[in-house]
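The values are calculated or read from the model by the stated rules, or taken from the named source; none is laboratory data. The model shown is predicted, which means the values in this text are computed figures rather than measured ones. Heads up, the Cβs are rebuilt from the backbone with ideal geometry, glycines too, and the neighbour counts pull from every protein chain shown.
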Amino acid sequence: MLKALPPHWRFFFLLFAGYVNREQQKAIDYLMAEREGLLELLGDKRRLLSKKHKRRLAVKAKALGRRGLKKIGTIVTPDTLMRWYRELIAVKYDGSKSRKSRPVGRPRTSDDICALIVKMTKENDGWGYGRIKGALKTIGIKVSRSTIKRVLQAAGIEPAPHRGMPWSTFLSTHWGAICGCDFFTIEIMTLSGITRFYVFFVIELESRTVEIAGICGQPDEAWMKQIVRNLTDCTSGFLRGITHIIMDRDPVYTKVVRTMLKDSGTKPVRLPAESPNLNAFAERFVLTIKSECLEKMVILGERHLRESIKQFMIHYHAERSHQGIDNELIQRDVANDNVAGEIVCRERLRGLLKFYHRQAA
């Protein structure tokens, strides 16, 4: 282009270009001196630039190139400026924000399905993972064996071979033919001072009927063997037709005693140690007889104890309503169903126990 110009014009153009270049170099020298002064003031402190400043420097750095950046001496390395420029390009073409968000991996098993798996397992103690999977498939729910295993492990439920029958299932299955037995103690006044007596009883869970099987000062194996003979008598024994009897691990229930029960057709069910809630009906009876009768009296001798318990048991069966059986009497006397008779009160133990009923016409 310069060759096409006349010689004198060519001279003036070069003279002007040199002047402009000198002026630009003066501005560059001033800016670099100013930069060095600012760096001296900042010292070694870390300089943090905003995204806006990084973007601006990255664009200018791309125009200069790596060689030009090395000449002017930047506040950051040329490699850093070029990395900022690459990140600027990556942000421009990043389409992740425009894509619809979706969960990573397989969908999570819903809480309703997990609850159903646990419910099926608890209600069917012999069902393994495959059986539960088949039952769920029947109702239109498809889950894998590994999912069922994970849900049951999270719920603390063991596999089928080690699971065993739940206590609630055992009770409901044998409800009409199961009893519980236990001891309770009472302190009485005797000529030799305060003496502790043991009362052994058996309660039928379904009807709440209670049999006071024996009262003694210190039970032993011989005494328990005679009690078992009385309870399992083929004509008048309380345990006739009873297939299971719940008992704790009291040493008085010896192996001989348990064998006698088993041979008579009543299987002993021994509870784990320190688990009174598993024999809750028997525990509730102890609370009832003590709170409503024995703890409100000063028992004077064994004879007084036996008579007091006898009177309470009559009241318990025929005169006391029970919440567990819908506030009904265990042994109802139809003669007291007269709705028109006069209301009278029957008392036992000098008014300690009261029963209100209508007098028969």
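Quick look at the values:
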item: Members of the stretch 285-309 found to be under 20 Å from I330 (Cα atoms) and free of Cβ contacts under 8 Å to residues at least 40 places away in the same chain, listed by number; result: L287, T288, S291
item: Top-ranked residue in the stretch 85-125 [being surrounded by 10 or more Cβ atoms within 10 Å (Cβ to Cβ) and of a type in the set (G, A, S); ranked as modelled with the highest pLDDT]; result: A115
item: Candidate set from the stretch 265-302 (those that are among the hydrophobic types (A, V, I, L, M, F, W, C) and part of a loop (DSSP other than H, G, I, E, B)); member that is modelled with the lowest pLDDT; result: A273
item: Top-ranked residue in the stretch 234-244 [being under 19 Å from I178 (Cβ atoms) and not β-branched (V, I, T); ranked as surrounded by the fewest Cβ atoms within 10 Å (Cβ to Cβ)]; result: G241
item: Hey, T243 polar (S, T, N, Q), out of contact with any strand residue (DSSP E or B) (no Cβ under 6 Å at 6 or more places or on another chain), on the phi < 0 side of the Ramachandran plot and touching a residue at least 40 places away in the same chain (Cβ under 8 Å) or not; result: yes
item: Any chance R240 is among the charged types (D, E, K, R) and touching a Cys at 6+ places or on another chain (Cβ under 8 Å); result: yes
item: Count of the stretch 255-287 residues which are closer than 18 Å to V199 by Cβ, of a type outside the set (D, E, K, R) and surrounded by 14 or more Cβ atoms within 10 Å (Cβ to Cβ); result: 6
item: Some residue of the stretch 343-359 being loosely packed, with under 13 Cβ neighbours inside 10 Å, assigned to a helix (DSSP H, G or I) and in the same structural domain as C216 (by TED's automatic domain parsing); result: no
item: Residues satisfying the stated conditions in the stretch 213-223, i.e. crowded, with 17+ Cβ neighbours inside 10 Å and either of a type in the set (G, A, S) or in a strand (DSSP E or B) (or both); result: A213, G214
item: Pairs, first closer than 14 Å to V252 by Cβ in the stretch 223-237, second among the aromatic types (F, W, Y) and not in a helix (DSSP H, G or I), C-beta under 7 Å, six or more apart; result: I227/F200
item: Residue count for the stretch 196-211, restricted to those that are buried (at least 16 other Cβ atoms within 10 Å of the Cβ) and either without any contact (Cβ under 8 Å) to a residue 24 or more places away in the chain or assigned to a strand (DSSP E or B) (or both); result: 10
item: Only listed residue being modelled with pLDDT of 90 or more, surrounded by 14 or more Cβ atoms within 10 Å (Cβ to Cβ), under 12 Å from D182 (Cα atoms) and over 34 Å from the mean Cα position of the chain (by Cα), chosen from V252, V228; result: V252
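A quick yes/no check of all residues on (1) surrounded by 11 or more Cβ atoms within 10 Å (Cβ to Cβ); (2) modelled with pLDDT under 85; (3) part of a loop (DSSP other than H, G, I, E, B):
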residue: K137; (1), (2), (3): yes, no, no
residue: G140; (1), (2), (3): no, no, yes
residue: T147; (1), (2), (3): yes, no, no
residue: E158; (1), (2), (3): yes, yes, yes
residue: G164; (1), (2), (3): yes, yes, yes
residue: F170; (1), (2), (3): yes, yes, no
residue: G176; (1), (2), (3): yes, yes, no
residue: F184; (1), (2), (3): yes, no, no
residue: M189; (1), (2), (3): yes, no, no
